[in-house]
1. Name the single residue that is surrounded by the most Cβ atoms within 10 Å (Cβ to Cβ) among those in region 98-115 being free of Cβ contacts under 8 Å to residues at least 40 places away in the same chain and in a strand (DSSP E or B).
2. Under the condition of being at pLDDT below 80 and assigned to a helix (DSSP H, G or I), which residue from region 182-208 is surrounded by the fewest Cβ atoms within 10 Å (Cβ to Cβ)?
3. Consider residue 330 carefully, then state whether it is more than 25 Å from the chain's Cα centre (by Cα) and either under 28 Å from residue 13 (Cβ atoms) or assigned by TED's automatic domain parsing to the domain that holds residue 23 (or both).
4. Taking residue 211 as meeting all but one of (1) surrounded by fewer than 17 Cβ atoms within 10 Å (Cβ to Cβ); (2) under 18 Å from residue 16 (Cβ atoms); (3) at pLDDT 90 or above, write down the number of the exception.
């Protein structure tokens, strides 16, 4: 009997084109917009080679020139050369600087090293920092050569002139790191909450005072709890299939990196699907308004949760976490997006299970309240 009801309920729900659009097509379209808007986020902090000119004075010796040029060419950031240097005359260097073909140019003489720039930005700051460090290292080596030449052969001099990479910091994470992924985590969280619509439709079809289907179900001799569980099972099947498709589409088509812990990712989305559907059933049972108004209220609730979870601006999530941490702890969108974030970035995922626990508690609360309401429902007449 279960499979009979389950099969026909699936056929009925699969024909609900409006609901299928909002819970499947809409997140995919939103993901397309996210891809167009955030596809360059991961390359914003990538340091390109800084074009720099080198002007050599006539009175500068060749050994000093060769040492400086070699040093410039060997400076690296994240195993990539930082500078694209070219030797120019002073007139050509000035013209290239004016045309913004180079970020600046060094003037190398026998006694002095100077930098000429025409604006102040990150590239110019890097050039200036390198020049100061080179002058300081050269001064130390010159002093050692005069006062204690024996130290030049020791390992101490190997550390002189070594440059530190202040442009990026490599932290130990579970994945390579993608800023675009953060926005897709909140998108997946929002997509999970579309399960509320399936729950609302399910509750509406079970209440005799809300739909003709509810009248027929209330008059059937079959146990109502059995029918409710069948309807919920079919809703979960369709919705979790949609979620898995959205995940796969985002990963393989939009190129979103979710990390390697796919079993836990699928578990998180499956649990959140149950949470959203049970919340939708609770909405459908408690709200005594027409179906369209229930859907509208569910959309408002969903978008508010997404906003607080940082979907529109990550700063909002930070503010909520600082001033109202309990709100993040009960926000389903935040819980699922944060769980995906931890699976992606953290090597130690102990805190991930706290999110799963909170989702489980919310699900248990929603189901308990719905069961209590269903058991107390009585109709004077049908």
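1. Going residue by residue through region 98-115, those that are free of Cβ contacts under 8 Å to residues at least 40 places away in the same chain are 98-100, 111-112, 114-115.
Then keep just the ones that are in a strand (DSSP E or B); that gives 114-115.
Numbers: 114: 12, 115: 16.
If we take residues in region 98-115 being free of Cβ contacts under 8 Å to residues at least 40 places away in the same chain and in a strand (DSSP E or B), then 115 is surrounded by the most Cβ atoms within 10 Å (Cβ to Cβ).
2. Restricting attention to region 182-208, the residues satisfying the condition of being at pLDDT below 80 are 182, 206-208.
Now narrow it down to the ones that are assigned to a helix (DSSP H, G or I): 182, 206.
Values: 182: 20, 206: 23.
Going through the qualifying residues, I end up with 182.
3. On the way: more than 25 Å from the chain's Cα centre (by Cα): no; either under 28 Å from residue 13 (Cβ atoms) or assigned by TED's automatic domain parsing to the domain that holds residue 23 (or both): yes.
Against the criterion (more than 25 Å from the chain's Cα centre (by Cα) and either under 28 Å from residue 13 (Cβ atoms) or assigned by TED's automatic domain parsing to the domain that holds residue 23 (or both)), residue 330 does not qualify.
4. Answer for residue 211: the failing condition is (3).
Per-residue answers, yes or no, for (1) part of a loop (DSSP other than H, G, I, E, B); (2) over 14 Å from residue 181 (Cα atoms); (3) in contact with a helix residue (DSSP H, G or I) (Cβ under 7 Å, 6 or more places away or on another chain); (4) at pLDDT 75 or above:
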position	(1), (2), (3), (4)
6	no, yes, yes, yes
9	no, yes, yes, yes
18	no, yes, no, yes
21	no, yes, no, yes
27	no, yes, yes, yes
31	no, no, yes, yes
34	no, no, yes, yes
37	no, no, no, yes
47	yes, yes, no, no
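The values are calculated or read from the model by the stated rules, or taken from the named source; none is laboratory data. If you're wondering where the values come from, they're calculated on a predicted model, not measured in any experiment. Cβ atoms come from the backbone with ideal geometry, glycine included; neighbour counts cover every protein chain shown.
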